1. If you take the residues of the range B:183-196 that are facing another protein chain (nearest Cβ under 9 Å) and more than 20 Å from the chain's Cα centre (by Cα), which of them is surrounded by the fewest Cβ atoms within 10 Å (Cβ to Cβ)?
2. So A:MET120 fits all but one of (1) buried (at least 20 other Cβ atoms within 10 Å of the Cβ); (2) more than 9 Å from chain C (Cβ to nearest Cβ); what number is the exception?
3. Among the residues of the range A:143-156, is any within 11 Å of chain C (Cβ to nearest Cβ), farther than 26 Å from C:ALA136 by Cβ and within 23 Å of the chain's Cα centre (by Cα)?
4. Within the range A:38-77, work out how many residues are open to solvent by less than 10 Å² (accessible area, probe 1.4 Å) and not basic (Lys, Arg).
5. Quick one: is A:VAL137 more than 8 Å from every other protein chain (Cβ to nearest Cβ) and buried (at least 23 other Cβ atoms within 10 Å of the Cβ)?
6. Has the range B:23-42 got any residue that is at pLDDT below 95 and not in a helix (DSSP H, G or I)?
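The values are calculated or read from the model by the stated rules, or taken from the named source; none is laboratory data. All figures in this text were calculated on a predicted structure; none of them were measured in a lab. Cβ placement follows ideal geometry from the backbone for every residue including glycine, while neighbour counts extend to all protein chains displayed. These area figures cover heavy atoms from the full protein model, side chains too; ligands, DNA and RNA do not enter into them. Shrake-Rupley method; radii C 1.70, N 1.55, O 1.52, S 1.80 Å.
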Amino acid sequence: MSTPLKLVKNLSDEENNYQDISKKKQKQPMVCYDKISKSYGDLQVLKKIDFDIAPGEKVALIGPSGSGKTTLARLLMTLEEPTSGTIKVDGELLWHQKIKGKKVKANEKHLQKIRGKIGMVFQHFNLFPHMTILDNVAAAPIHVAGIPRAEAEEQAISILEKVGLSDKFNAYPSQLSGGQKQRVAIARALVMRPQIMLFDEPTSALDPELVGEVLGVIKDIAQEGEMAMLLITHEMDFAKDVADRVAFFDEGRIVEEGKPEELFYNPRSTRLQDLLSRFRGR
Amino acid sequence: MWNWDYAIKIFPEIFAALKITVTATFVGFALAMLLGLVLAISRRSSVKTVAYGSKGLIEFIRNTPLLVQLYFIFYVLPEVGIYLSPLSAGIIGLGIHYSTYLSEVYRSGIEAVPQGQWEAAKALNFSPWQVWSKIIIPQGLPPVIPVLGNYLITMFKETPLLSAITLVEILQTAKIIGSHSFRYLEAFTIVGILFLILSYPSSVMVRRLEMRMNKSLR
Amino acid sequence: MTILYLLPTLLQGLKITLIITFLAMLLAFVLAFLAGFGRLSKFRVVRFLTAFYVEVFRGTSLLVQLFWIYFALPLIGISLPPLAAGVLTLGLNYGAYGSEVVRSAILAVPKGQTEAGIALNFSPWRRLRHIILPQAFVMMLPGFGNLQIELLKGTSLVSLITLADLTYQATILNASTMETTMIYSLLLVIYFLIAWPLTRGIRWVENRLSVGRY
């Protein structure tokens, strides 16, 4: 198993194949969704999405609830399987692997290899209630990366300090506020040094007065630069500040995408205009 | 090994004994429902002795085996002049034992009734009897009906214990048949299958009822 | 002082009762986990077989199972001594009930916990070991606690297959001394004195384990 620090570069023929698919950018994308669809029974939540994220790029996904933006992140985190289409991470297929030239469903080992490049922060934190804060953050370095406990705890401590929680190491999640919980969750994902981090509405479950502290931490991380981010959010000002690019989702499709200033000051679709006026009205 | 002719021959006799088993189950359950309610209400009594007394009684009965309780009722009570037939001793034993379990079920039902209902009843000047019969029980009982159903099934499966106090129910019948011929395999297998085909569909029904109620409550 | 005369024999029986309780508990515990996981297996055959085991043992009566294993099994060539038959029956029976405790506790761990485990790239085994089981185990305790009391009480049934447990010694004493009231009262009290501290002890462990965490 690779250490969390190591970048796995795979420069195989898959990368060459990739050039045909990516027409937009010269550099190999961090993530590439290719004709991704997802259905639950009759309900189609994603409709043939083509979408790329460049290394280090900060992309914000906005759109009404139920528009499919969360599903897009969950497919990448391998929490759900796409109905059709492919996803590539760092040039490698995520849900499939090639065995003797044939494309087959990825096994657990392959999924684990790719997952190591991805981190995720959930709307409802999903901290481990039976572990202390320190253990929450140190768990993956110890059990996934196989780092000795002392070293893992050292890493956990330094990252918890970074998110402003240096006095809570031995507390349990139930003793923290929502904002603190979410900061622990961010530290927990960050400690594995993913190449791309997914934020699934990280402030939607928080009391309004706690939103700021979490957004502040995310902004700080964004400014460090090297990690790509997919931010699913309803916080328009935040999206404007942090994102290099914003995509507007509606009914399982990307309706509009572009630089934040273009999208927010010059929305073309009426759906986006509606959404933005509702947020301004608040 | 298994002998079909013999199994078919003894089946009617075993099946007929099911009548005793079913009687003991239903009468015992009715008794348990009634006693359980009494225990549940007296546990909430404002008189401390009554509340603690019934709590202690519940703990004691729940923490001792039904079999020993049956022996006690059947063999000890005659010493003080109370003679009971095996069937009535069995029914009383089952009824008392399960009343302690049912009192807990009622309790959970009662505690699920919002505090405001008690206060509203008080504000309307209901008598204690009216509070229970008109307000609390009608609301607290329906949600626990599936749990009561499960206890009915559990009790049905406990009735073979009554064979130990000489009641000739289904298991005892099988045992007598078996001891005549020294062939226990068919007799006991038939008993097991009878229990299974009666209790399994019932518990599936209870599970369905439970799911449907959970849905409608939401 | 009839009590002094009765007590040694009863305590001898108590020893057997405790041995059976302990052995059957071990067996039931192992079976509960095996069958609990079996019912959640991704293989249909495993799910079906464990469901069959669980439903048969939950759907028939403990005493019927005991008689079947002790009296009927020899006819197909498997003769077990009373102790083995008692332990096996109690273990199989309460293992079946226990599997439901295990299964429902595992299912009760919120889905987000598994998802967080996946997001942190835990392997399926480590997710179970470090995330799901520690949380599920706390939820299993009340269920296991109740089953332990039921199992202890259930051991009294082995007296009916001539195993010299507490209840058996009491019935023998009753036949020889006719001190019926004293014997059966003592019997109830002894069972209570074993079961009640057990109930309390389990509740204490539950409280200890959930302190501060939830």
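1. Only one residue tops the list, namely B:ILE193.
2. Among (1) buried (at least 20 other Cβ atoms within 10 Å of the Cβ); (2) more than 9 Å from chain C (Cβ to nearest Cβ), the lone unmet condition for A:MET120 is (2).
3. Scanning the range A:143-156, I find no residue that is within 11 Å of chain C (Cβ to nearest Cβ), farther than 26 Å from C:ALA136 by Cβ and within 23 Å of the chain's Cα centre (by Cα), so the answer is no.
4. The number of residues fulfilling the criteria is 16.
5. Numbers: more than 8 Å from every other protein chain (Cβ to nearest Cβ): yes; buried (at least 23 other Cβ atoms within 10 Å of the Cβ): yes.
Considered against the rule, which asks whether it is more than 8 Å from every other protein chain (Cβ to nearest Cβ) and buried (at least 23 other Cβ atoms within 10 Å of the Cβ), A:VAL137 comes out as yes.
6. No.
The rows are residues; the columns are (1) at the interface with another protein chain (Cβ under 8 Å from one of its Cβ atoms); (2) touching a residue at least 60 places away in the same chain (Cβ under 8 Å); (3) open to solvent by 30 Å² or more (accessible area, probe 1.4 Å).
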residue: C:GLY154; (1), (2), (3): yes, yes, no
residue: C:VAL158; (1), (2), (3): no, yes, no
residue: C:TYR168; (1), (2), (3): no, yes, yes
residue: C:THR171; (1), (2), (3): yes, no, yes
residue: C:ASN174; (1), (2), (3): yes, no, no
residue: C:THR181; (1), (2), (3): yes, no, yes
residue: C:ILE190; (1), (2), (3): no, yes, no
residue: C:LEU193; (1), (2), (3): no, no, yes
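Yes or no, residue by residue, for (1) of a type in the set (Asp, Glu); (2) within 23 Å of B:ASN150 (Cβ to Cβ); (3) within 14 Å of chain B (Cβ to nearest Cβ):
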position: C:THR21; (1), (2), (3): no, no, yes
position: C:LEU27; (1), (2), (3): no, no, no
position: C:ALA35; (1), (2), (3): no, yes, no
position: C:GLY38; (1), (2), (3): no, yes, no
position: C:SER41; (1), (2), (3): no, no, no
position: C:ARG44; (1), (2), (3): no, no, no
position: C:LEU49; (1), (2), (3): no, no, no
position: C:VAL54; (1), (2), (3): no, yes, yes
position: C:GLY59; (1), (2), (3): no, yes, yes
